[in-house]
Amino acid sequence: MKRTLKDKVIIITGASSGIGEAMARVYASAGACVVLGARSVQKLQLLAGEIRSHGGRAAYCGVDVTQPEECRELIETAVREFGRIDVLICNAGISMRALFDDVDLEVLHRLMDVNFWGTVNCCKYALPYLQDTKGSIVGISSVAGLHGLPGRTGYSASKYAMTGFLETLRIENLHKGLHVMVACPGFTASNVRFSALTADGSQQGETPRDESKMMTGEQVARIVARGILRRKRLCLMEIEGRATHFVKKFAPGFLDRMFYLVMAREPDSPLK
Ligand code: NDP
């Protein structure tokens, strides 16, 4: 039988922008019931309205994923509206750009709070429902969660932490039918570089890269959907992700030099 997302209840955090917003549109148009979470409630309301106007099913809940009680409310919204949860996608995230030499420690704490603790908080309350449905937890990590990305200590650390947490959750649930997948997009056009935190915690406000040459959120959404349906453990995407995963095994020192070179070439790179 061909597996599809039709009628699956899918919670997506960070659905007000970028990859999360694209996942909401793509999965709703595939027949899923999507439950949208983020802090920008107005954007979620508009997106849910747009999905419903096309015949799709959507609910939303304002949530700051750093707040456990708000995550609980997001999960309860899904159960109240659609009666079950099949997939939790922990996608909400922020980035940074500064050398560790210069960065305020508060920035690294903020990265961990949103990217790592946001994932933990949502998983905590969704887990019993996902165990019931033998559903899926998806963590949207990054190529920076496969190998350290210079200028992004807090970002890489938060994504590695997320992987360690999710991997352990998978093993604890080995005999309960839970599927856990870590997805690692490479550079994808979105708001993430504009909102990235600089050394003093202020937002960067611009992107140092050509966003038009990146993957689109919609492409990422489709690859993640295939990963969910095939119940993969690790979802790699474009060449950057596959090459990083492969080369790290055999030539990690070479990969260090490549990562340094690529990031040092960015305009205004903190590595210069
Ligand atoms: P965007 O900045 O476009 O979207 C980030 C989303 O996260 C927004 O919806 C934002 O909503 C939400 N968010 C941020 N902070 C919080 C919070 N405290 N509570 C709830 N929601 C929050 O970035 P992307 O779409 O690119 O990022 C999505 C994920 O993909 C992130 O985890 C990112 O690390 C990952 N990723 C992105 C890559 C890229 O190049 N774009 C590459 C690899 C991974 P709001 O502000 O309304 O709360």
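The values are calculated or read from the model by the stated rules, or taken from the named source; none is laboratory data. Bear in mind the structure is a predicted one, so any value in this text is a computation, not a measurement. Don't worry about glycine lacking a Cβ; one is built from the backbone with ideal geometry, like all the others, and counts go over all protein chains shown. Heavy atoms of the whole protein, side chains included, go into the accessibility calculation; ligands, DNA and RNA do not. Shrake-Rupley method; radii C 1.70, N 1.55, O 1.52, S 1.80 Å.
A Cβ distance below 9 Å, combined with a sequence gap of six or more or placement on separate chains, defines the contacts here; from the stretch 124-144, residues that are closer than 18 Å to THR244 by Cα reach residues that are open to solvent by 50 Å² or more (accessible area, probe 1.4 Å) and of a type outside the set (Phe, Trp, Tyr) in the pairs VAL143/GLU240; VAL143/HIS245. Total residues in the stretch 68-109 satisfying the condition of being within 18 Å of VAL34 (Cα to Cα), open to solvent by less than 70 Å² (accessible area, probe 1.4 Å), within 12 Å of the ligand (Cβ to nearest atom) and of a type outside the set (Val, Ile, Thr): the figure is 5. Given the condition near the ligand (Cβ under 9 Å from one of its atoms) and more than 21 Å from TYR129 (Cβ to Cβ), answer yes or no: does some residue in the stretch 6-14 qualify? Scanning the stretch 6-14 turns up no residue that is near the ligand (Cβ under 9 Å from one of its atoms) and more than 21 Å from TYR129 (Cβ to Cβ).
If you filter the stretch 48-67 down to residues that are more than 22 Å from GLY83 (Cβ to Cβ) and within 22 Å of the chain's Cα centre (by Cα), you find that the one that is most open to solvent (accessible area, probe 1.4 Å) is GLN67. Checked against (1) open to solvent by 60 Å² or more (accessible area, probe 1.4 Å); (2) of a type in the set (Ser, Thr, Tyr); (3) modelled with pLDDT under 95, THR207 meets all criteria but (1).
Can you go through SER195, SER212, SER202 and tell me which one is closer than 22 Å to MET162 by Cβ and among the hydroxyl-bearing types (Ser, Thr, Tyr)? Answer to the selection: SER195.
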